[in-house]
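**Q** Please find one structure pasted underneath; my questions will follow.
The values are calculated or read from the model by the stated rules, or taken from the named source; none is laboratory data. Predicted model, so just to flag it, every value in this text is computed and none were measured. Heads up, the Cβs are rebuilt from the backbone with ideal geometry, glycines too, and the neighbour counts pull from every protein chain shown. Side chains are part of the model used for accessible areas, which takes the heavy atoms of the whole protein and leaves out ligands, DNA and RNA. Shrake-Rupley method; radii C 1.70, N 1.55, O 1.52, S 1.80 Å.
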Amino acid sequence: MPPRLPRSRATILVAVLLLSMALAVALAHEAWRAERSHRATADRTLRDYAAFAAWEFTMGAKGKMYSNILYVFSPVMHEEALGPHDPLELPQVLLRPAVREKLCPAPPYAFRLDVATGELTFAGDAPLPETQQQIRRAVLKDLGAYVRDWGYRTIIEPTGKKPLSLVYQVKWRQDGTKAAVYGVEFCVQAMATGAFETMMEKGNVLPPALTKGLPNDSLFSTVVRDWEGHLLYKSPRQYAGTYADHHALDAYGGIRTTIAINPAIADRLVIGGRPRSRLALLGALLGLTGVLVAIGLLQLRREHELARLREDFVASVSHELRTPLAQVRMFAETLRLGRVRSESERARSLEIIDQEARRLTHLVENILLFSRAERQLVRLAPRPCHLAGEVREALLSFAPIASARHIRVEQSLDDAACATVDVEAFRQIVLNLVDNAIKYSPTSGTVWVSLGVRGDAVRLDVEDEGLGIPPADAERVWTPFFRLERDVKSAVAGSGIGLAVVRDLVQRHGGRTGVEPRPGREQRGSRFFVELPRSTALTPERAERPTENAVPDLETVGASESDA
């Protein structure tokens, strides 16, 4: 049966959801009225915005190309006119390295046409003779329309064997006559280097009052083609042509820019004719609805999760406490009433009482440590010590519980492993890992405990023969109160805080924890590991402990108790 929410909280939640529903209905009704009354106007306005954006985008790119062209012709664009006998600059001055990226990608050329003699001089990779004649005819034909105030002029001839595209500038003499014509092949792609990208990234193509700070690629898409229809630029993000228009730049032979407005933000751009109060109301209703829905969902999730965790924890702890307490009480009453029939039965009763008392102590210690960690009250006193002896003592204290489950515990401990730890906290780490392994191992199974040095770390491994941990839950098993779904439905008791205590204590020592499958294809079970920073400095009273106080192997202890 799912946990129930308190009545007061449920009432609040229902009220929030009902209010959200009412606001959503009001918002839908207002949006429907606005769409019905302004749909035709909005579509026409968006296409007008697209045409305006195309014009603004083209003009911005034209300004960049204008600057590049003037920079190409800067060596021959002196303010002073030439005297009657002043020499003409050679066309090589236009092919300096700094402007090569602004010229055509093929081997570029520059030319000079002496107006007085008609002599055509080339620099760079001169074109074919027939192209030279075509350039002379085109320049002489267009020269009559050139005005002295112009900085340059373009010539586009799409007809003929080879389309011709030129940009030229006139050098004047002091008497007002044309001295020479300097020009280069005109490639829009090269002359507009960076212009289209700059306009797309930084240009104010649409009024800021409409865009509200949104980047251009969220507002519209752009396609630019030259006079031959070749693609010059295409924005990375493209939108449908529902609200699209174009602008052609005749000065450059008909460069055509097409702008398509993003349909997703169309409603944000169309504000003409809509009452300001209605837009403000729609925005307020939409925002408030989102906040209320989020509050309702968050409240519902938190209430159910907290109720479930609280119920599961209380049930698990109660179950774990009830069994050992019943055992202790039953065998203590048996001893008190003198109902034992022999000394072996008396010893067996005392062993069971001791075993269940150890289990209770372990559970209470876990709960206390978890509670202190939650309140940030854990205080550790770390000191360098050999860990093998501590592991042996922890396993020896756990021997009765292992024997009761007929679990063999095999050890492989390196006496040289040393780390700076709080001894009691480290024992709790070992006990929790071993308790977890024994709890989820099959009866008469085996648990392996190993301790060794790996580089700058000391590693403790505890392996079991259980069902293993799914990879998706490898991290979640370390969170408080979490238990696998299969374990919750099984008869295995657990509070869900043992591994959480292990991770908290290990992290306080500067180490790390993890779980991985046991090696081998046919093997079942999991390997839980703990890595702590290695230490070499020992206190004098602990230096001889691993060899001074030998601790019996847990397998031997477990076997003797089972035989008893």
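**Q** Looking at (1) acidic (D, E); (2) more than 52 Å from the chain's Cα centre (by Cα); (3) part of a helix (DSSP H, G or I), can you tell me which one E89 breaks?
**A** Exception for E89: condition (3).
**Q** Out of segment 199-242, which residues are more than 30 Å from P163 (Cα to Cα) and acidic (D, E)?
**A** Within segment 199-242, the first condition is being more than 30 Å from P163 (Cα to Cα), and the residues that meet it are 201-220, 237-242.
Result: E201, D217.
**Q** Just to confirm my filter: which strands (runs of 3 or more DSSP E) fall fully inside segment 113-189 and include at least 1 residues that are among the small types (G, A, S)? Let's see the steps before the verdict.
**A** On the way: elements: 120-124, 153-157, 164-172, 178-185.
In segment 113-189, 120-124, 164-172, 178-185 are the strands (runs of 3 or more DSSP E) which contain 1 or more residues that are among the small types (G, A, S).
**Q** Assess whether A98 counts as being out of contact with any helix residue (DSSP H, G or I) (no Cβ under 6 Å at 6 or more places or on another chain) and either closer than 15 Å to Q169 by Cα or surrounded by fewer than 17 Cβ atoms within 10 Å (Cβ to Cβ) (or both). If you could, list the steps in order and put the result at the bottom.
**A** Working: out of contact with any helix residue (DSSP H, G or I) (no Cβ under 6 Å at 6 or more places or on another chain): yes; either closer than 15 Å to Q169 by Cα or surrounded by fewer than 17 Cβ atoms within 10 Å (Cβ to Cβ) (or both): yes.
The answer is yes for A98.
**Q** Continuing with the same structure: Just to be sure before I move on: is F111 farther than 18 Å from Y66 by Cα and touching a Pro at 6+ places or on another chain (Cβ under 6 Å) in the structure I sent? Give the derivation first.
**A** Details: farther than 18 Å from Y66 by Cα: yes; touching a Pro at 6+ places or on another chain (Cβ under 6 Å): yes.
So F111 passes the test.
**Q** Being under 15 Å from F196 (Cα atoms), open to solvent by less than 30 Å² (accessible area, probe 1.4 Å), modelled with pLDDT of 85 or more and outside any strand (DSSP E or B) is the filter here, so list the residues in segment 221-271 that pass it.
**A** Selection gives S235 alone.
**Q** Would it be correct to say that T556 is surrounded by fewer than 18 Cβ atoms within 10 Å (Cβ to Cβ), modelled with pLDDT under 60, among the polar types (S, T, N, Q) and more than 30 Å from the chain's Cα centre (by Cα)?
**A** On the way: surrounded by fewer than 18 Cβ atoms within 10 Å (Cβ to Cβ): yes; modelled with pLDDT under 60: yes; among the polar types (S, T, N, Q): yes; more than 30 Å from the chain's Cα centre (by Cα): yes.
Taking the combined requirement at face value, the residue satisfies it.
**Q** If you don't mind, another one. Would you confirm, using the coordinates I've provided, whether T198 is of a type outside the set (D, E, K, R) and in a loop (DSSP other than H, G, I, E, B)?
**A** Spelling it out, it is not the case that T198 is of a type outside the set (D, E, K, R) and in a loop (DSSP other than H, G, I, E, B).
**Q** Within segment 442-462, which residues are assigned to a loop (DSSP other than H, G, I, E, B) and among the polar types (S, T, N, Q)? If you could, list the steps in order and put the result at the bottom.
**A** The first filter runs over segment 442-462 and keeps only residues assigned to a loop (DSSP other than H, G, I, E, B), leaving 442-445, 455-456.
Once the filter is applied, which keeps residues that are assigned to a loop (DSSP other than H, G, I, E, B) and among the polar types (S, T, N, Q), segment 442-462 yields T443, S444.
**Q** Still on this model: Would it be correct to say that D217 is under 32 Å from the mean Cα position of the chain (by Cα), open to solvent by 50 Å² or more (accessible area, probe 1.4 Å) and among the acidic types (D, E)? Working first, answer last.
**A** Working: under 32 Å from the mean Cα position of the chain (by Cα): yes; open to solvent by 50 Å² or more (accessible area, probe 1.4 Å): yes; among the acidic types (D, E): yes.
Considered against the rule, which asks whether it is under 32 Å from the mean Cα position of the chain (by Cα), open to solvent by 50 Å² or more (accessible area, probe 1.4 Å) and among the acidic types (D, E), D217 comes out as yes.
**Q** While we're on this one: Taking segment 399-448 as the search range and keeping residues that are surrounded by fewer than 24 Cβ atoms within 10 Å (Cβ to Cβ) and among the aromatic types (F, W, Y), which one is nearest to the chain's Cα centre (by Cα)?
**A** Here the residue is Y440.
**Q** Of all residues in segment 330-352, which are over 17 Å from L396 (Cα atoms), part of a helix (DSSP H, G or I) and among the β-branched types (V, I, T)?
**A** Going residue by residue through segment 330-352, those that are over 17 Å from L396 (Cα atoms) are 330-350.
Keeping just the survivors that are part of a helix (DSSP H, G or I) gives 330-336, 343-350.
Passing the criteria: only T334.
**Q** Given the options A192, A180, name the one that is open to solvent by less than 10 Å² (accessible area, probe 1.4 Å) and more than 19 Å from A145 (Cβ to Cβ). Walk me through how you get there before you give the answer.
**A** Values: A180 fails: more than 19 Å from A145 (Cβ to Cβ).
Testing whether each residue is open to solvent by less than 10 Å² (accessible area, probe 1.4 Å) and more than 19 Å from A145 (Cβ to Cβ) leaves just A192.
**Q** Being open to solvent by less than 20 Å² (accessible area, probe 1.4 Å) and closer than 13 Å to W55 by Cα is the filter here, so list the residues in segment 202-214 that pass it. Give the steps one after another, and end with the answer.
**A** Just the residues of segment 202-214 that are open to solvent by less than 20 Å² (accessible area, probe 1.4 Å), to begin with: 203, 205-206, 210-211.
Once the filter is applied, which keeps residues that are open to solvent by less than 20 Å² (accessible area, probe 1.4 Å) and closer than 13 Å to W55 by Cα, segment 202-214 yields G203, V205, L206.
**Q** To continue, here is another question. Give all pairs with beta carbons closer than 9 Å in which a residue from segment 47-58 that is more than 15 Å from N216 (Cα to Cα) meets a residue that is open to solvent by less than 50 Å² (accessible area, probe 1.4 Å) and part of a helix (DSSP H, G or I); count only pairs at least 6 apart in sequence or on separate chains.
**A** R47/Y243
**Q** I've got another one for you. Out of all the residues in segment 442-480, which are closer than 23 Å to I401 by Cβ and among the hydrophobic types (A, V, I, L, M, F, W, C)?
**A** V447, W448, V449, L451, L460, V462, L467, I469, V477, W478 - these are the residues of segment 442-480 that are closer than 23 Å to I401 by Cβ and among the hydrophobic types (A, V, I, L, M, F, W, C).
**Q** If you don't mind, there's one more thing I want to ask. List, please: which pairs have Cβ atoms under 6 Å, are six or more places apart or on different chains, and start with a residue in segment 124-138 that is at positive phi and end with one that is not small (G, A, S) and not in a helix (DSSP H, G or I)?
**A** If the second residue must be not small (G, A, S) and not in a helix (DSSP H, G or I), the pairs left are G124/P108; G124/Y109.
**Q** Looking at (1) modelled with pLDDT under 85; (2) within 22 Å of L249 (Cα to Cα); (3) touching a helix residue (DSSP H, G or I) at 6+ places or on another chain (Cβ under 7 Å), can you tell me which one L166 breaks?
**A** For L166, the exception is condition (1).
**Q** Would a scan of segment 399-413 turn up a residue that is modelled with pLDDT of 80 or more, over 16 Å from W448 (Cα atoms), touching a helix residue (DSSP H, G or I) at 6+ places or on another chain (Cβ under 8 Å) and in a loop (DSSP other than H, G, I, E, B)?
**A** no
**Q** Could you go through segment 35-54 and let me know if any residue there is at pLDDT 75 or above and closer than 22 Å to T193 by Cα.
**A** yes
**Q** Right, here's the next one. Can you give me the number of residues within segment 110-126 that are more than 30 Å from D175 (Cβ to Cβ) and either touching a Ser or Thr at 6+ places or on another chain (Cβ under 7 Å) or crowded, with 17+ Cβ neighbours inside 10 Å (or both)?
**A** Of segment 110-126, the ones more than 30 Å from D175 (Cβ to Cβ) are 124-126.
Among the residues that remain, those that are also either touching a Ser or Thr at 6+ places or on another chain (Cβ under 7 Å) or crowded, with 17+ Cβ neighbours inside 10 Å (or both) are: 124.
Total meeting the criteria: 1.
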